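The values are calculated or read from the model by the stated rules, or taken from the named source; none is laboratory data. Everything quoted here is computed from the prediction, not taken from an experiment. Using ideal geometry, Cβ is built from the backbone for each residue, glycine included, and neighbour counts are taken over all protein chains shown. Keep in mind that these areas ignore ligands, DNA and RNA; they rest on the heavy atoms of the full protein, side chains included. Shrake-Rupley method; radii C 1.70, N 1.55, O 1.52, S 1.80 Å.
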Amino acid sequence: MNAQAASPAAVSQTGPYFCEMPSDPCAIIMFGASGDLARRKLMPALYDLAFHSCLAPSFRLLGFARTKMSDDDFRKSAGEFLPKGQEEGADDAKKSEFLKNLQYFTGDYDDAAAFQNLAKRLEELDKEGGLGGNRLFYLATPPEVYTHVIQQLKQANLTKSKGDKSWTRIIIEKPFGRDLASAKALNAKVLEAFDESQIYRIDHYLGKETVQNMLVFRFGNGIFEPLWNRNYIDSVQITAAESLGVERRAAFYETAGAMRDMIQSHVLQLTSLVAMEAPARFDATSVRNEKIKVLQSMRPFTAESVWKDVVRGQYGPGQINGKAVPGYRQEPGVKPDSSTDTFAALKLHVDNWRWSGVPFYLRSGKRLAQPHTEVAILFKRAPHMVFRGENTETNSLVLNIQPEEGISLSFGAKTPGSQMLIRPVEMDFQYKNTFGASTRPAYATLINDCIRGDATLFDRADSVEAAWALVDPILNTWAGAAAPPFPNYPAGSDGPRAADDLTGADGRHWRPL
Ligand code: NDP
């Protein structure tokens, strides 16, 4: 989100992702560096930043984990996930220059002596690379390890910035808590060690170009915002559908489910961006102040409204793209009688002047017919229809987030011929046609922002807690009752029948996937 994105000079010579100025030199200390996220997502993201001249050439990356590895082993394992062949950035000289800056530190997350040694190593790295004491800690471990690391960092005196000119920041991966109480406890623990201004709670969805474009679309144009309210909008639908199952993450997913993993974070983030008021300025405080107001305006769920307005589902065996896939309970690592939700849908009310009476329908699930994430704004019908024809659909504005990125507006047009017949048509804007395919990984955008001290796209303590406060009554109501007969939707479908009833009861229907 930094200034170089807005500067024409930055995009003219070398492409939109090259930075005008490299960031401050710094040490990036990655806890859980032997893990899946670190290798598959964070290394390629950091390389992307180095390749595009966004990282200071003297940066140092220190991987920290319990697995014994030499620096060379670590570099080799990181190198496996860097671009190859025809991919952008597949440049051997640049890759080896990047990998040279990687080092590894074997240590236990509970071992005070290891953290004392880490402190010494960081001093050495500061001198060797002229890093000016700038440090970014990245918590890429499972969540149960977060508080141990934070505690050790505090004891080793590593949480405070070293002086006025240097900075210390921490990125904390999602999930941030598993309910309101644990999120509050985690916030309290982190805030004992770091100041809120040092804490970057990451949700990688917010690093996607199209998600950021929602702000530009709404507040950088004059024509949409006057319609963006209860007078013109009938309802809003937000869908985050995956066709994949749990892949390698069954153990984690069994403890989470769709409501925790997707709705509480990504989907409520999108909802806040759709529903927020214009910020006074485009900075972290102003944007996040507006987002929290949306979360605070969401009507709380009660035990009664959970049963009426929230649906959970779990997939059974089915077919995706003509290929048979197992049901959730048959996936490796899943309990044969698991009651984990792999699908969740809900109707939400944002009780404020702008949105009163406009339902927000949210849904997310695994093993659905198509991978597709979109925000659909469905407008009210014309007050009186003088034409005949097929225009039974309302006008809709759809912000496509993935896999295809773009915006489409559907409206009625006259069908050619002697009669005044009307048919829905679409006006389409596709990112890749106008700007070329977007190649910057979401993680690269967010890490770049963090290194430059821009927290606009990161979550603040109050908004994480507000999102959990909304979801908590749902989770508690579900936990206190038997799950519906699972599985209740076949893999490859649009989700459970009960989700259709949710919109159907209001005389509406979900957009097909
Ligand atoms: P992993 O399970 O791969 O764990 C990362 C590393 O942490 C492991 O290599 C291991 O290193 C260490 N570790 C694992 N389990 C334990 C444990 N019980 N106690 C102490 N250390 C442990 O996790 P991921 O890399 O998949 O995810 C890391 C974080 O990122 C999680 O919070 C996850 O929710 C989040 N995340 C992950 C995504 C992904 O695609 N993977 C996507 C979005 C968020 P060692 O044994 O060497 O110390």
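Quick notes on this structure:
- The stretch 249-301: projected area of the alpha-carbon convex hull, averaged over directions, in nm²: 4.8
- Gain on full stretching of the segment that runs from residue 337 to residue 462 - 0.36 nm per residue minus C-alpha separation: 41.4 nm
- Distance cut-off 15 Å, percentage of C-alpha pairs in the stretch 138-189 lying past it: 51
- Separation of the alpha carbons by more than 18 angstrom is noted, of 41/76; 127/162; 94/432; 41/95; 184/366, for 94/432; 184/366.
- Counting DSSP beta bridges with both ends in the chain, the antiparallel % (nearest 5): 55
- A crude spin-label estimate for the pair residue 435 and residue 197, with each label 7 Å from Cα along the Cβ direction, gives 3.0 nm.
- In the stretch 321-390, the inverse of the mean reciprocal separation of distinct Cα atoms equals 16.7 Å; this is its Kirkwood hydrodynamic radius.
- Given R0 = 51 Å, the distance between the Cβ atoms of residue 423 and residue 323 translates into a calculated FRET efficiency of 0.90.
- Restricting the calculation to Cα atoms, every distinct pair contributes to the Kirkwood radius of the stretch 290-350, found to be 14.4 Å.
- Global form of the stretch 358-430, assessed from the alpha-carbon gyration tensor, a/c cut-off 1.5: prolate
- Based on Cα contacts under 8 Å between residues 6+ apart, the stretch 277-375 shows a relative contact order of 23 percent.
- Helix-only arithmetic for the chain: the sum of -39500 (n - 2.57) across DSSP H runs with n ≥ 4, divided by the residue total, places the mean residue ellipticity at 222 nm at -9500 deg cm²/dmol.
- Note on residue 497 and residue 224: their simple-model spin labels are 3.8 nm apart, each label 7 Å out from Cα toward Cβ.
- Mean separation of Cα pairs under 8 Å and 6 or more residues apart, divided by the residue count, gives the chain a relative contact order of 17 percent.
- Quarter the surface of the alpha carbon convex hull of the chain and you get the mean projected area, 26.4 square nanometres.
- Angle in degrees between helix 442-451 and the longest Cα principal axis of the chain, rounded to the nearest 10: 50
- Computed over protein heavy atoms with a 1.4 Å probe, the carbon and sulfur contribution to the accessible area of the chain reaches 53%.
- Largest first, the extents of the alpha carbon coordinates of the stretch 220-375 on the three principal axes equal 50, 35, 30 Å.
- Label-point gap, in nm, between residue 21 and residue 384 - each point 7 angstrom along Cα→Cβ: 6.1
- Neighbour-limited loop hits for trypsin sites (Lys or Arg not before Pro), the stretch 25-99 (at most 12 other Cβ within 10 Å; DSSP other than H, G, I, E, B): 68, 84
- No disulfide-compatible partner, judged by a Cβ distance under 4.7 Å, exists for the following cysteines of the chain: 26, 450.
- Accessible area per residue in Å² at 1.4 Å probe, computed on the chain: 44
- What the Cα convex hull of the stretch 155-269 gives, in volume per residue, is 197 Å³.
- Zone of residue 481's modelled label, taken as backbone nitrogen in the stretch 284-302 under 13 Å from a point 7 Å along Cα→Cβ: 302
- Put simply, the Cα atoms of the stretch 407-513 extend 61, 48, 27 Å along their principal axes, the longest span coming first.
- Degrees between helix 146-155 axis and first principal axis of the chain (Cα, 0 to 90, nearest 10): 30
- Crossing angle, helix 284-297 versus the chain [Cα axis fit, 0-90 degrees, rounded to tens]: 40
- The C-alpha atoms of the stretch 292-437 occupy a region whose extents along the principal axes are 62, 43, 34 Å, arranged from largest to smallest.
- The P(r) of the stretch 1-148 has a tail past 28 Å containing 21 percent of all C-alpha pairs.
- The chymotrypsin sites (Phe, Trp or Tyr not before Pro) of the stretch 292-375 that DSSP puts in a loop, and whose beta carbon has at most 11 other beta carbons within 10 Å, are 353.
- Our note on the geometry: Cα centres of the stretch 178-222 and the stretch 436-451, 15 Å apart.
- Once C-alpha pairs closer than 8 Å and six or more residues apart are averaged by separation and normalised to the residue number of the stretch 303-429, the relative contact order reads 15 percent.
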